[in-house]
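Written below as structure tokens is the structure these notes are about.
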Amino acid sequence: MERLPVNPRRHRIAPELRKRVAQACNNCNVKRAKCSGGQPCERCRKSSRECLYPEVVQTVSIPRLEHDALKARCALLEQALAEAIPSQRERDKLMQHIQAKHNAPDGSQPPPNFSQDIAEDTQQFREGRILQDPDGTVRYLGESSGATFLNHLREYMATVFPQAFEASWSGASNPDATAFISALGKYQTHDSRPLLSSTVDPLISATNEQAAAMLSEFQHSAQDGEGTFASGGIYFWIDVQAVLDEYRAYVDGVRTLEASPNIVTANAAFAVACQFNPKCAPPWETGFGQAFFARAKGLLGNPLDDSIINDATVLALLGFYLLNSNRRDAAYIYVSVAMHILIVHGVHRAWMVDEQGKRLFWTVYVLDRWLSCLMGRPALISDEAIKLDMPRDSSDLPPADGLRAHIELARVSNYIVSNIYDVARQTEEPVMTTLCIQKSLRLLRSWSESLPATVAGTEENLSRDRAVGELHMAHNQLIILTVRPLLFINVKRVTADMLLNGRTTGHEISHKTELDLCADAARRNVHLWHRLLNLQRPARLSVSSVHYLFNAALALQLYQLLGHNEAQEDYEEVGFVISILEVDQSSNKEYATDCARVLTDFNSLMARLQNVDLSRTASRIENVRDRAHGLPSNSSIILSPNGETSPTSYTESHHQYRSESTDGSAERTDLPSYDHRTYHELLSWLERDNLQQKFDFPHRFG
């Protein structure tokens with residue numbers, strides 16, 4: 001029942017002087033009758049009506065100046081919220097969530113339907129994958145892992161390509177598509193393959209001259225460039241001269257093995273040196289340092305039974321060796337044990353540690369963060385638990401600038417992995433990925449701007465210091481990793497727009513500034529590798545450089561689909577990466593070759609997608625609501641327009657395909673229909689954000 005408005009001419013009367021009650025019930029108010037008050041009032045009691053009174057509304061009087069200031073601040077906050085969260089729908093949901101928490105009497109969680117919506121949205125995309133290696137062993141890989149992202153791309157291709165091409169094309173003429181999509185659920189690693197056994201002849205050891213040559217190579221390739229790097233290198237493992245002196249004393253019979261713990265360290269360093277450069281190895285070592293790895297492992301014993309701080313050095317070196325042998329899970333375990341030994345001895349709290357031990361801890365820390373990023377698994381120790389100060393310059397050690405910069409970059413890496421990819425968030429509140437991406441980009445930009453002169457990406461540094469080039473490649477890779485969710489969202493949206501609406505231009509591209517940053521970072525990494533190959537001692541492909549180059553090429557291939565397919569230089573850059581990976585002869589050659597093959601196959605599929613006859617694919621949408629049958633069995637893989645030999649280069653391949661697809665488009669008929677499941681999957685790419693750009697809260701972004 002609506003009440004009549006209050007007479008504005010009524011004067012206010014003190015309660016004790018009133019002849020009527022201050023508030024009439026609703027029934028008396030409508031009838032303009034005198035109300036006796038009470039519950040019920042006399043009139044309602046006599047007429048047996050329900051007696052209801054309006055809710056009491058308290059008013060507050062404030063000065064107009066204060067009112068105007070609050071109103072202006074409210075408008076400013078609304079504008080800031082609109083800039084942070086452009087979607088009105090998402091802003092409304094955020095307000096509902098905060099309101100629900102505010103109204104909860106005990107600070108409990110939001111209503112069940114809201115929490116369930118968040119849980120359902122985040123579960124599918126944030127849970128990583130259980131993938132199978134070539135030997136059949138299954139392992140968990142989180143969302144930041146390149147293998148998991150590649151699996152997402154295979155799922156994307158498996159959805160798209162049966163709809164984009166004719167059913168009459170035979171799969172036999174498409175080995176690239178068959179290989180790429182059939183690898184769904186698998187990833188490339190050598191973890192299940194046995195290394196050389198520990199039965200190494202103990203009587204065969206490196207001579208003093210051979211030891212000096214291998215430690216010199218180790219110092220150049222894995223540490224500080226034999227003292228030539230102004231940055232001091234981005235890792236610190238050992239005091240090379242002290243290890244060499246102890247090894248010589250052992251070989252000359254001056255010291256026993258029991259009195260020479262650095263003999264174990266020396267063999268681990270020998271293994272790493274032979275892995276980087278087999279030419280420095282003794283004639284009897286032909287397995288990229290496997291004999292030295294086995295000897296170091298045998299001399300180390302079981303660190304789970306008894307360990308000293310020096311064991312952490314050996315385990316870290318062996319983990320580094322395994323990482324560069326494409327045995328990432330084994331490396332993850334070795335580095336984990338090394339970190340725990342250091343924690344047991346209190347190094348993370350600055351107990352019993354000198355400057356050299358401090359640098360060792362931070363090197364293991366960097367490895368831990370790198371493996372966390374590479375595998376999509378939680379880091380072993382939080383930054384809050386570490387009370388050890390940063391490395392400092394010392395007269396008897398290399399400069400610390402490179403290692404300090406590497407540590408700071410590793411911290412940013414941990415934020416990216418933990419928050420954007422939800423690997424180790426410490427709050428139960430839902431996360432808004434876009435805000436985490438923006439903060440990550442700010443952190444990366446701040447890192448770059450605050451670098452000391454010896455580590456900056458200047459012409460002089462890049463021409464003399466290989467470690468600086470590798471550090472900036474790691475920085476660019478983190479930019480790619482940060483923006484990769486937005487890139488994939490846009491690729492899926494554009495693909496769905498092409499197939500469902502037949503649209504070739506005018507696609508809705510969100511976060512274009514960030515996408516351009518990603519593409520620029522990918523190009524810089526390719527250019528940096530050009531520079532590293534032109535050094536006086538050219539860089540060799542390690543597992544990290546293969547990873548950086550592969551991800552750079554993959555990002556450029558995806559970027560080309562977003563209306564940038566005329567970028568001639570990008571095709572050339574991708575072709576350069578493929579050629580580098582194909583000819584690699586290092587200990588990573590199988591891994592590099594596999595990456596080159598994936599890039600080649602993916603290139604072929606993306607070129608076909610960009611040149612599909614969209615007028616015919618879009619026409620199939622008309623029947624999807626009335627037909628509920630599955631796709632023909634022979635349309636489940638991507639088919640090639642011809643079975644002729646491929647061109648000689650990536651760029652030529654792309655342009656030849658564009659020409660062939662145009663010439664042969666008139667002959668293709670009998671397009672398969674979409675089934676309902678595929679149709680709704682494509683439709684979801686247009687309507688929702690699979691990375692849940694949902695919510696976030698101010699305290700997460702201090």
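The values are calculated or read from the model by the stated rules, or taken from the named source; none is laboratory data. Since the structure is predicted, the reported quantities are computational estimates derived from the model, not experimental observations. Here the Cβ positions follow ideal geometry from the backbone for every residue, glycine too, while neighbour counts run over all protein chains shown. Quick note on the areas: whole protein, heavy atoms, side chains included, nothing else; ligands and nucleic acids left out. Shrake-Rupley method; radii C 1.70, N 1.55, O 1.52, S 1.80 Å.
For ASP245, the solvent-accessible surface computed with a 1.4 Å probe is close to 80 Å², ligands and nucleic acids excluded.
What percent do you get for the relative contact order of segment 203-456 when only Cα pairs under 8 Å and 6+ apart count? Could you put the intermediate results ahead of the total?
Numbers: 323 pairs, mean separation 45.4, N = 254.
Dividing the mean separation by the residue count of segment 203-456 yields 18 percent.
Count the net charge of all other residues whose Cβ sits under 15 Å from the Cβ of GLN210, scoring Lys and Arg as +1 and Asp and Glu as -1. Before the final figure, lay out the partial values.
Values: positive: ARG248, LYS279, ARG295; negative: GLU209, GLU217, ASP252, GLU285.
My count for the surroundings of GLN210 gives -1.
Taking a straight line from the alpha carbon of LYS101, these lysines sit under 30 Å away, with near neighbours fewer than eight places off in the same chain left out: LYS71, LYS93, LYS439, LYS694. Sites listed here are trypsin sites (Lys or Arg not before Pro) in segment 424-497 whose DSSP assignment is loop and whose Cβ has at most 14 other Cβ atoms within 10 Å, and the list is empty. Taking a sphere under 14 Å around the Cβ of LEU403 and counting the other residues whose Cβ falls inside, with K and R at +1 and D and E at -1, yields a net charge of -2.
Could you please state how large a percent of the accessible area of segment 203-456 is carbon and sulfur, counting protein chains only and using a 1.4 Å probe?
Values: 5060 of 9550 Å².
Whole-percent figure for carbon plus sulfur exposure: 53.
Backbone phi angles across segment 586-603, fed through the Karplus curve with coefficients 6.51, -1.76 and 1.60 (θ = phi - 60°), yield HN-Hα couplings of 7, 5, 9, 4, 5, 5, 5, 5, 5, 4, 4, 5, 4, 4, 5, 5, 5, 4 Hz in residue order; Gly and Pro are listed as x. The figure for SER579 is an accessible area of roughly 50 square angstrom, using a 1.4 Å probe on the protein chains alone.
Over segment 203-456, average the accessible area per residue using a 1.4 Å probe and give it in Å², no decimals.
Details: 9550 Å² over 254 residues.
Heavy-atom SASA per residue in segment 203-456 reads 38 Å².
Tell me the net charge near TYR334. Cut-off is 13 Å between Cβ atoms, TYR334 excluded, with +1 for each Lys or Arg and -1 for each Asp or Glu. Numbers along the way, then the final one.
On the way: positive: LYS297, ARG327, ARG328; negative: ASP191, ASP311, ASP329, ASP368.
Residues near TYR334 contribute -1 overall.
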